[in-house]
Protein chains: 2
Amino acid sequence: MTRSGSNGGSADHRRTPVDAAATSPVTMGARRRASMREVADLADVAISSVSRVLSGHPDVSAQMRERVLSAVHRLEYEPDFLAQSLRRGQTLSVGFVLADISNPLMADIVLGAEAVLRGAGYSLLLMNSENDPRMDAQHVRFFQSRRVDGMLLSLASETDPTTLETISLTEGPAVVIDRRLPEELGASAVVNDHGPGMEAAVEHLIDLGHRRIALITGSTAQLPGRERMDAMRAVVARRPERVETIYRPGSFSTEHGEGAAREILSGPDRPTAVIAGGNQLLIGTLKVLREQGLRVGRDISLVTCDEVPLSELYEPPIATIQRETVGLGRVAAELLLGRLVGGEAPRTEVLPTTFLPRPSCASPPA
Amino acid sequence: MTRSGSNGGSADHRRTPVDAAATSPVTMGARRRASMREVADLADVAISSVSRVLSGHPDVSAQMRERVLSAVHRLEYEPDFLAQSLRRGQTLSVGFVLADISNPLMADIVLGAEAVLRGAGYSLLLMNSENDPRMDAQHVRFFQSRRVDGMLLSLASETDPTTLETISLTEGPAVVIDRRLPEELGASAVVNDHGPGMEAAVEHLIDLGHRRIALITGSTAQLPGRERMDAMRAVVARRPERVETIYRPGSFSTEHGEGAAREILSGPDRPTAVIAGGNQLLIGTLKVLREQGLRVGRDISLVTCDEVPLSELYEPPIATIQRETVGLGRVAAELLLGRLVGGEAPRTEVLPTTFLPRPSCASPPA
DNA sequence: GGGCTTCCCGGTAACGGTTCCGGGAACCCT
DNA sequence: AGGGTTCCCGGAACCGTTACCGGGAAGCCC
């Protein structure tokens, strides 16, 4: 049998499928993609046979394989991802919703996640929600319509009802990063245990003699903000010393860091130690400290969360509550892959935090 | 006429299309997506009419529109992006190849680009090439097979032949970021004019009395590295003063920054001023400066490229050759959109750099 | 030599849309 | 009344794959 290519009457004529694999010398590189149909015609076999060869189906003779592969090679055929996705019902892509990629913490997470996903043949769709819960929900819905196989979520809010409902309507698996969602949503999670790091930091400050400590942190609609406040409260409650505390939750931004720091530090009896609950908050805090001429590690002690170049290289180096940020992304991706290809059930993975003392913490001035 | 749904014999039976829009109480949210076919059946019209209504085709009566939209609403129908993409031949997605998202410069660029693309309905696929030209090419090919509509490229090497060939074989438009490619490739570009910023910095240092200046910079296979070295050479050549220069091109990494700085600064006659050509290089340089006990702005003058929190908040603040990083990404995205939807021709957009003097630069010690 | 496997292969119906074509009905004009 | 538009709609091809089904040919066994 010899199939003679193209069937006759087409109601739908767009580009004409002439000279398949010929690179026109003018528009270099604009070579039309070959389709499976063309491979089949060239090899003079059925299109289904081509598919079978390419997908490693057992019902293929050695001769058939050789014939098809040679045609594939000659046409430089590459399967169309789109058609495959449509047919197979999976896109091999995952969506990542995050507040702001320019935050180095997030960037590290993305770095880790992307590498793992890439290794498994998945690619990463990225959308910034600019810390707006409505955008969270919007992006989730958008990814859903894009038919991503799964999602990685670093949500602006853990409690926004629209976001939660949107997630519950989601088809594929979702993994939230450093957030906790209601069990019923069936999302996996990778979280840090923020308690130990924060507790060690507060203990350290109290041991140094601090009795008035301020915590500037992000939104309590997110796990880290809540756990950090709780941990500080717990330490203060169990220590025999009488320690005054100032809590300034708000948003995870330099603006809030600056505003809160200014408010805290301009009062009459200011704290002798400040904990900035994030790298953006640290920036705002440092601006105010400089502006007020307060010397870190002498006039005031300072602790920050999440290591960045600034914290290590600042003079003096800034004590930091650390966690493995790249690992966070990596684990998130692994959790997702586990559900995607391993058929695992949703689960929560907990990663540690530790406190790294540095010269920014000293005994309070007398 | 009344089409009675599903046609009889199917050779291909997967999930059975029963109870379209019914949320099962147990598996909440696992509602099957409705297809256009189902909408058409419910509205008792042809599938093509549904398509026409949804795509705003003029050949639609008011009554038809109302009927279809009501069915769409009842089934909560959403068109399948995949099927649309396959049929229309566009995916509304663009691929972004970059060295390393954890570099704040890159993160800012991505931030700017993503926002613009999102506004135009496009989404962003992201891949890190880890500064490996082979990965550049690999990712470009991968995106190509993913059928992205266009690409944003921040390449590890401007000269790698495999990469160039791969790009030349690319179908859609490409925009390179802060790189220059051979004209024939037909890529658009957004670049910084690194000359003015660097020239101003070097002039400033010479004016302050420096006669021995080192430049630690990234790969000369990338535009910024080349232009920065050229600019410094040009200034030194045209100034009457006799200025010695030390050039240490390498890679855009903390390791190179550290290695080069150590090498430069441990010699007998070390330079009195160092220019670090990037934020990663700055980090490496600062480590060495601290390690050798050299005080910035007193024992040695320091200039860096690209503003980061560290440069502004360091004590003393570090003079910086600045550029608008978020804008870089934004312009890149606009250039791409111009070609994607506006049908514009490839072109190159040039953005400025400026020098911001700060106390890290002072007269050399006597 | 007939019946039963086994091995392969071609045909074809999907996946879920878009768009071209043709044609019926209503309207207009002379 | 007949011919030409205009307005809408249904039918069908097609985008590029996948996977099921059926069947021909060859091999095996008794």
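The values are calculated or read from the model by the stated rules, or taken from the named source; none is laboratory data. In this text, all values refer to a predicted model and were calculated from it rather than measured experimentally. A quick note on method: Cβ atoms are made from the backbone with ideal geometry, for glycine too, and the neighbour counts reach across all protein chains shown.
Data overview
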quantity: Any hit, the stretch B:13-22, residues being modelled with pLDDT under 95, out of contact with any Lys or Arg (no Cβ under 8 Å at 6 or more places or on another chain) and within 13 Å of DNA strand D (Cβ to nearest atom); calculated: yes
quantity: B:Ala115, sole failed condition from (1) surrounded by fewer than 20 Cβ atoms within 10 Å (Cβ to Cβ); (2) assigned to a helix (DSSP H, G or I); (3) more than 14 Å from the chain's Cα centre (by Cα); calculated: (3)
quantity: Hits in the stretch A:67-84 (condition: under 40 Å from the mean Cα position of the chain (by Cα) and either over 21 Å from B:Thr170 (Cα atoms) or more than 10 Å from DNA strand C (Cβ to nearest atom) (or both)); calculated: A:Leu69, A:Val72, A:His73, A:Leu75, A:Glu76, A:Tyr77, A:Glu78, A:Pro79, A:Asp80, A:Phe81
quantity: Members of the stretch B:109-146 that are in contact with a Lys or Arg (Cβ under 9 Å, 6 or more places away or on another chain) and on the phi > 0 side of the Ramachandran plot; calculated: none
quantity: Residues located in the stretch B:252-298, provided they are over 34 Å from the mean Cα position of the chain (by Cα) and among the basic types (Lys, Arg); calculated: B:Arg270, B:Arg295, B:Arg298
quantity: Residues that are in contact (Cβ under 8 Å) with a residue 40 or more places away in the chain, touching a Ser or Thr at 6+ places or on another chain (Cβ under 9 Å) and in a loop (DSSP other than H, G, I, E, B), drawn from the stretch B:164-195; calculated: B:Pro173, B:Asp178, B:Arg179, B:Arg180, B:Gly186, B:Ala187, B:Asp193
quantity: Odd one out for A:Ala107 among (1) farther than 25 Å from A:Glu255 by Cα; (2) without any contact (Cβ under 8 Å) to a residue 24 or more places away in the chain; (3) within 12 Å of chain B (Cβ to nearest Cβ); (4) out of contact with any Leu (no Cβ under 8 Å at 6 or more places or on another chain); calculated: (1)
quantity: Failed condition for B:Tyr122, given (1) more than 10 Å from chain A (Cβ to nearest Cβ); (2) within 12 Å of the chain's Cα centre (by Cα); calculated: (2)
quantity: Within the stretch A:54-66, tally of residues that are part of a helix (DSSP H, G or I) and more than 8 Å from DNA strand C (Cβ to nearest atom); calculated: 2
quantity: Single unsatisfied condition, A:Gly112 versus (1) touching a residue at least 24 places away in the same chain (Cβ under 8 Å); (2) out of contact with any Gly (no Cβ under 9 Å at 6 or more places or on another chain); calculated: (2)
quantity: Among the candidates A:Leu336, A:Leu328, residue that is of a type outside the set (S, T, N, Q), crowded, with 22+ Cβ neighbours inside 10 Å and more than 24 Å from A:Ala201 (Cβ to Cβ); calculated: A:Leu336
quantity: All positions within the stretch A:39-81 that are in contact with a helix residue (DSSP H, G or I) (Cβ under 7 Å, 6 or more places away or on another chain), more than 14 Å from every other protein chain (Cβ to nearest Cβ) and within 8 Å of DNA strand D (Cβ to nearest atom); calculated: A:Val39, A:Ala46, A:Ile47, A:Val50, A:Asp59
quantity: Of all residues making up the stretch B:340-357, the number that are within 14 Å of another protein chain (Cβ to nearest Cβ) and surrounded by 18 or more Cβ atoms within 10 Å (Cβ to Cβ); calculated: 0
quantity: Checking A:Ser266 against (1) free of Cβ contacts under 8 Å to residues at least 40 places away in the same chain; (2) closer than 23 Å to B:Pro317 by Cα; (3) of a type in the set (S, T, N, Q), the condition it does not meet; calculated: (2)
quantity: Yes/no for A:Gln90 being in a loop (DSSP other than H, G, I, E, B), out of contact with any Leu (no Cβ under 6 Å at 6 or more places or on another chain) and surrounded by fewer than 19 Cβ atoms within 10 Å (Cβ to Cβ); calculated: yes
quantity: A:Ser49 vs. criteria surrounded by 17 or more Cβ atoms within 10 Å (Cβ to Cβ), over 28 Å from B:Gly172 (Cβ atoms) and at pLDDT 95 or above; calculated: yes
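Residues checked against (1) touching a residue at least 40 places away in the same chain (Cβ under 8 Å); (2) not assigned by TED's automatic domain parsing to the domain that holds B:Ser157:
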residue	(1), (2)
B:Glu66	no, yes
B:Ala71	no, yes
B:Ala83	no, yes
B:Ser93	yes, no
B:Ala99	yes, no
B:Leu117	yes, no
B:Met127	no, no
B:Asn131	yes, no
B:Asp136	no, no
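The rows are residues; the columns are (1) surrounded by fewer than 24 Cβ atoms within 10 Å (Cβ to Cβ); (2) over 17 Å from A:Ala221 (Cα atoms); (3) not aromatic (Phe, Trp, Tyr).
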residue: A:Glu130; (1), (2), (3): yes, no, yes
residue: A:His139; (1), (2), (3): no, yes, yes
residue: A:Arg146; (1), (2), (3): yes, yes, yes
residue: A:Leu153; (1), (2), (3): no, no, yes
residue: A:Thr159; (1), (2), (3): yes, no, yes
residue: A:Glu165; (1), (2), (3): yes, no, yes
residue: A:Glu171; (1), (2), (3): yes, yes, yes
residue: A:Ala174; (1), (2), (3): no, yes, yes
residue: A:Arg179; (1), (2), (3): yes, no, yes
